[in-house]
Amino acid sequence: MDQQEIKDQDIACGGCGCSYTHASFQEGKEPAGWRRYLPAGVSFLLLLAGLAADHIFSFSFFTGPARVCYYLVAYLPVGIPVWKEVWEGMRHGDFFNEFSLMALATLGAFLIGEYPEGVAVMLFYSVGELFQEVAVRRAKGNIRALLDIRPNQANVFREGVYQVVSPESVSVGERIRVKAGEKVPLDGRMLSPVSSFNTAALTGESVPATIREGERVLAGMVNLDRVIEVEVEKEYADSSLARILEMVQQATARKAKTELLITRFAKVYTPLVFLLAVAITVLPGFFVEDYQFKVWFYRALVFLVISCPCALVISVPLSYFGGIGAASRNGILFKGAAFLDKMASVNTVVMDKTGTLTQGVFEVQEVVPAGPDGVDFLEKVVALEGYSNHPVAKAIAAYGREKGLLLPEVEEVREIAGYGITGRVEGIRVVAGNGRLLLKEGISYDPQIDAMAETVVLVAVNGRYVGYVVIADELKEDAARAVKNLRKQGVEQIVMLSGDRSALVEKVAATLQLDNAWGDLLPEDKVRHIEELQSDPRRMIAFVGDGINDAPVLALSDVGIAMGGSGIGCGY
């Protein structure tokens, strides 16, 4: 999928009918910086100068053709985009819309000599469009942000050496090398013995995944431990990240464009006004004795001008923009005004877990010794884990710092990827890791611990199991309150879709009293669940999530709410 195609895809904004803004985005001709405000600024200044010449200075030369040409120059910067839309609409059989309404009214104003009014109507409309464009511009950045996570190079083995090339040029079957801290550029099969990977971009899973030789590695995963080698199994265009971006585009394309308020209004109002203007011109010929076509045609043009809903044209975008501005002051960025309307109708809310309902940060929840007379092992395990860069180890080390523990000397530290860490603390051998590590060391422990939903670090001292440390991602303080408030606002169903383990997802769902929850989901699985919910036409679905793994469902939902660092943004 071409990156420019994604950058320039249509982004729905809503509210006032800014179709020519959409067209400029699609064509990649969007003006940069102050230039986007230039047409409206030029027309505004020329209109002010023209009104001053008409009513204050009364210049003798500012009459007749000179006056017409002057106001025509003031009209063209804001009028040309609208007349282009009129032409495009006529080409597709759409003769009565807000653009033809504006064009007819301003044309009538020029024909009866009310040139300033003709310029002002178009200028008001353009100002409203500029307000809407501010919100739409933010939305374009959201789409571009999806592209930033795509690795732009791969270290491939060719002609006896590793070469840095574009991922697009790597073929299936070639071998690539991924260093610690790098993103995997292509889907493939692990050739190295073992390594840990941050998979949050693809699954939302908060705990790093351990992948061993022969298992699948997906593009977008971040290698955490060591240099690894991967045999490529899919081309760049077929990789996991490419599929996610493709799903975003397809989901956006499948959504019907919002029929805007003023568009619906114009479909009825414009033909009605046009027919009445024709009637004013023609019908008096059957009833008025001294009928003069020019007189009644002039009156019809006056009717067209006064019938142009200038207040509606400017008030609709301004009122929506006011709502968007009020939301932004509260940390909510709306992609477009149409989503203000949709939010009022939402009756089903679907949420991600990690980073949405939970903090997305590992913390020690509990230290549990084995038996009532268990050994105090906390200082030893904190000292040992301080030698590891694994996120779980960092959480334990941070917990020790909070407790102000005095850490003893550590020697012979050995970290085993996918298992844990061992070492000697004050001469005593300490083992800290998962169940596989203790079994490998020949140390028995309570097997019921393996069924726990949380991440658990088992600890053994001198070959004897002494307890475990529970690591979990805490619920946000306001998560439960947010769920209750949603129900008070009329939300009928609240669902959670997550890439985390099903046991943990179900536990969080039970704590928050959600209606349904599914775990162990990939992005395409989330899309499938959303499509199942959308099979009921009565549902208006809002999805709340964060991260690239949620992008397809954010785009597919009626309203997508993307969590940010300081707030949320509404509208995909």
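The values are calculated or read from the model by the stated rules, or taken from the named source; none is laboratory data. The structure displayed is predicted, hence computed values, not measured ones. Cβ coordinates were reconstructed from backbone atoms using ideal geometry, including for glycine residues, and neighbour counts include every protein chain displayed. For the accessible areas, the whole protein counts, side chains as well, though only heavy atoms, and no ligand, DNA or RNA atoms are used. Shrake-Rupley method; radii C 1.70, N 1.55, O 1.52, S 1.80 Å.
Take the solvent-accessible surface of the protein heavy atoms, probe 1.4 Å, and return the percent of it on the range 445-527 that carbon and sulfur atoms account for.
Values: 1880 of 4070 Å².
Taking all protein chains in place, the range 445-527 shows 46 percent carbon and sulfur surface.
With a ≥ b ≥ c taken as the square roots of the eigenvalues of the C-alpha gyration tensor of the range 27-124, please select rounded if a/c is under 1.5 and otherwise prolate if a/b is larger than b/c or oblate if it is not?
Taking the square roots of the gyration eigenvalues as a ≥ b ≥ c, the range 27-124 is oblate.
Using a cut-off of 13 Å between beta-carbons, work out the net charge of the residues near residue 82 (Lys and Arg +1, Asp and Glu -1, residue 82 not included).
Summing Lys/Arg as +1 and Asp/Glu as -1 gives -3.
What net charge is computed for the residues neighbouring residue 105, neighbours being all others with C-beta under 13 Å from the C-beta of residue 105, Lys and Arg scored +1, Asp and Glu -1?
Result for the local shell: -3.
Amide H to amide H under 5 Å from residue 174: which residues, 5+ apart in sequence or cross-chain, H placed 1.01 Å off N in plane?
Excluding prolines and chain starts, which carry no amide H, the hits are 232.
Direction-averaged shadow area of the convex hull around the Cα atoms of the range 360-441, nm²?
For the range 360-441, averaging the hull's shadow over all directions gives 6.0 nm².
Once the Cα gyration tensor of the range 434-572 is found, what semi-axes does its equivalent ellipsoid get, as square roots of 5 times the eigenvalues, in whole Å, sorted largest first? Don't jump to the answer; show the numbers that get you there.
Numbers: eigenvalues 273, 51, 39 Å².
Each semi-axis is √(5λ); the values are 37, 16, 14 Å.
Name the residues whose placed amide hydrogens come within less than 5 Å of the amide hydrogen of residue 361, ignoring near sequence neighbours (fewer than 5 apart) on the same chain.
Long-range HN contacts for residue 361: 474.
Under a Cβ-Cβ cut-off of 15 Å, what is the net charge of the residues other than residue 122 that fall near it, where Lys and Arg count +1 and Asp and Glu count -1?
-4
Between residue 73 and residue 292, what is the FRET efficiency for a Förster distance of 41 Å, r being their Cβ-Cβ separation, to the nearest 0.05?
Taking R0 as 41 Å, the efficiency between residue 73 and residue 292 is 0.80.
Over the Cα atoms of the range 488-543, Rg to Rh with Kirkwood Rh, two decimal places?
With Rg and the Kirkwood Rh in hand, the quotient comes to 0.98.
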